[in-house]
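Asker: The structure is given below, and queries will be raised subsequently.
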Amino acid sequence: MKTKILLVAAILALPLAALHAQHGTSPEGLDTWTGQVSALNPETQEITLTDTTKKGSESVVATLPKEEVKQGEKAHGIQMSDLAVGQVIRFTYMKMVYKENAKKISRNLVVSIEIISPSKRS
């Protein structure tokens with residue numbers, strides 16, 4: 001009986017765990033990352049997201065493309081000025097590998113952004 005109760009509790013908790021997981025997969029099969037914006041670099045168009053848990057913190061860096069980025073279901077030109085350090089966002093990204101000056105470069109290219117919580121600007 002205890003095992004059944006624990007199993008049911010674990011199954012019910014799965015959606016909550018997925019909601020707070022920093023790394024995931026979109027319905028289209030692309031990688032997603034949820035975290036707090038910890039750095040913005042307008043020169044390189046890079047966004048750094050950090051997720052801190054009891055086990056430590058993890059970060060990922062992704063680059064905004066020059067074209068429009070989807071926000072939710074609507075196409076919207078996301079700019080660096082639309083984002084702020086402290087915001088919690090989820091972005092969907094593709095891992096891109098290319099050669100630049102005979103060097104292999106790997107970047108995460110943002111495909112879409114979902115703003116989870118507003119910025120902490122005062």
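Every number here is computed from the coordinates shown, using simple stated rules; none is lab data. This is a predicted model, so every value here is computed, not measured. Positions of Cβ are generated from backbone atoms using ideal geometry, with glycine treated the same way; all protein chains shown enter the neighbour counts.
Asker: What distance in nm separates the two pseudo spin-label positions at residue 61 and residue 44, each 7 Å out from Cα along the beta-carbon direction?
Answerer: Taking the simple label geometry, residue 61 and residue 44 are separated by 0.3 nm.
Asker: Can you give the percent of C-alpha pairs in the stretch 22-117 whose distance is more than 15 Å?
Answerer: 61
Asker: Of 55/95; 54/103; 66/103; 54/104, which pairs sit farther than 31 Å apart, going by alpha carbon to alpha carbon?
Answerer: Correct reply: 54/103; 54/104.
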